[in-house]
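The values are calculated or read from the model by the stated rules, or taken from the named source; none is laboratory data. Keep in mind it's a predicted model, so treat the numbers as computed, not measured. Ideal geometry is used to build each Cβ from the backbone, glycine not excepted, and the neighbour counts take in all protein chains shown.
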Amino acid sequence: MNSCGRMEIEFGDTIMKHNKLCKEIIFVIICFILVSCTSCIFDGEKKKSSEEPVYEPDVVWKLETNAYGSTYQPTQNGQFLYLIECNYTSVNKGLEQEYKFSMTKVDLLDGHIVWTSPEIFRVNKSPVVVINGRLYVQTSGGYLYVIGDDDGKIDAVVSFNSIYMDRGATMISCNGNLFWSNINCYNEGEGVIDEGLLKFDVSKIDFTLGPEQVQHIEPRLVWTDDVADVGILMRPVAKDGIVYFQTYDFWQEKHGSIIKTVAIDADSEVVKWQTPTTTMNGDGHMQIFDDRLYFFENVISCYDLETGKCLKEKCRDTEKLDTEVYIGADSPAYYSDGKFYYTNNTSWATSSIAGIPQNMVKNIICIDAKTFAYVWGDLPKGCGSLNSKPVVANGKTFVATWGRGLRVYNSETGELIGAAENINTHPFADPPQYNGCIYYFDADHKNLKKTLMAIKP
């Protein structure tokens, strides 16, 4: 068995441990994800569907960038977009590559570069966080870089133990402080450091010292579970001084623990409520719409922000695989006109592998925001799994895909308006919107370049 196959099985097994109700469907969704994606990305000859209409995007401007990685999320703050860029330099007679990272601020109005920061240490997956005119970015090795928004200069460098590094893309801000989930491990002298929610007080940073003097400031663990290995994979959200997050147990069958959704006051650090769940996995996406907390993962759920009460939930009945489209999500949702739009990890291969009718398999989904009823969906022919967030503008739904380019649908009916298969889109990105435009990357994997495009919908 190749390494790709082993990754699929391990990932699928981890998720299936968390609830019995969705075991079968989660396996169907996760199994062969990597194989499907790989076949779409690296198949040199893209099969174009002659029967499909062609979409010709109205490109306002283009900017060639060195935007890093397929999973790193650029950060939008109004008119500006912040990119982590990586310049690759061949060393050791071309046998190895040296990676040099920096941050670039792009003006979305016209596509010009405002500034590029000095070199920073290798970044992790957490997006840039903006607080009071400064940008905070975590890096590998336990460092936090603080960059001035006006000039791109490094204002300060903070170090902390590697055990306090972000486990994934979880870092957010609330009431002027940073919050993220830490990595559970043993630290000599301190014993086992539990996983949980960390709080970092940015006011403790002395900006008079400059970047040359690295400051050692540790964050504080403000919430942890009483069960080992219970961490946080899902990026928290915040509103009105309250941080909301959901737990994830890496060894649920061993511990017998239950996934919890938690609301904690950012200032007092007092838990407002904790709600257990036996249906969710803790590895999806949380979002706030209209003072409601929504979860998009193997099930779709809606919670009351004040009480933590589950108001509505849509679970998949594993006995209806042949008659109902699975509406589970693997991307953040876009809300527009009473509907949610998102994607999931099913692929063109799912039907034949799982024995599910082809018309029941969709990786682009639209559901009613009140009832969670399925409205429309699509599975582009030959398409791999997706993690891309759709964007709705001018009655059109834009979706970046693996292997099928940028696809555009009628938002109401789901009818395909057209596909721009000449654009090698960046599916993992959360597409920014500004000044009537949508922004996508057109990736050149061979030359490790990504061209940022402003598209008028």
Pick from segment 98-115 the residues that are within 26 Å of residue 144 (Cβ to Cβ) and more than 24 Å from the chain's Cα centre (by Cα): which of them is modelled with the lowest pLDDT? 98
All but one of (1) surrounded by fewer than 20 Cβ atoms within 10 Å (Cβ to Cβ); (2) closer than 24 Å to residue 106 by Cβ; (3) not small (Gly, Ala, Ser) hold for residue 413; state the number of the condition that does not hold. (2)
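Residues checked against (1) acidic (Asp, Glu); (2) under 21 Å from the mean Cα position of the chain (by Cα); (3) surrounded by 23 or more Cβ atoms within 10 Å (Cβ to Cβ); (4) under 26 Å from residue 303 (Cα atoms):
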{"position": "374", "(1), (2), (3), (4)": "no, no, no, yes"}
{"position": "380", "(1), (2), (3), (4)": "no, no, yes, no"}
{"position": "392", "(1), (2), (3), (4)": "no, yes, no, yes"}
{"position": "395", "(1), (2), (3), (4)": "no, no, no, no"}
{"position": "398", "(1), (2), (3), (4)": "no, yes, yes, no"}
{"position": "402", "(1), (2), (3), (4)": "no, yes, yes, no"}
{"position": "417", "(1), (2), (3), (4)": "no, no, no, no"}
{"position": "427", "(1), (2), (3), (4)": "no, yes, yes, no"}
{"position": "443", "(1), (2), (3), (4)": "no, yes, no, no"}
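Residues are listed down the side, and each one gets a yes or a no for (1) modelled with pLDDT of 95 or more; (2) assigned to a loop (DSSP other than H, G, I, E, B); (3) under 30 Å from residue 290 (Cα atoms):
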{"position": "348", "(1), (2), (3)": "no, yes, no"}
{"position": "371", "(1), (2), (3)": "yes, yes, yes"}
{"position": "380", "(1), (2), (3)": "no, yes, no"}
{"position": "398", "(1), (2), (3)": "yes, no, yes"}
{"position": "404", "(1), (2), (3)": "no, yes, no"}
{"position": "409", "(1), (2), (3)": "yes, no, yes"}
{"position": "412", "(1), (2), (3)": "yes, yes, yes"}
{"position": "418", "(1), (2), (3)": "yes, no, no"}
{"position": "422", "(1), (2), (3)": "no, yes, no"}
For segment 130-140, check the following and say yes or no: at least one residue is aromatic (Phe, Trp, Tyr), assigned to a strand (DSSP E or B) and over 19 Å from residue 237 (Cα atoms). no
List every residue pair whose Cβ atoms lie under 8 Å apart, where the two residues are 6 or more positions apart in sequence or sit on different chains, the first residue falls within segment 117-146 and is closer than 21 Å to residue 88 by Cβ, and the second residue, located anywhere, is basic (Lys, Arg) and outside any loop (DSSP other than H, G, I, E, B). 119/100
Residue 429 fails exactly one of (1) over 17 Å from residue 74 (Cβ atoms); (2) small (Gly, Ala, Ser); (3) touching a residue at least 60 places away in the same chain (Cβ under 8 Å), namely (1)
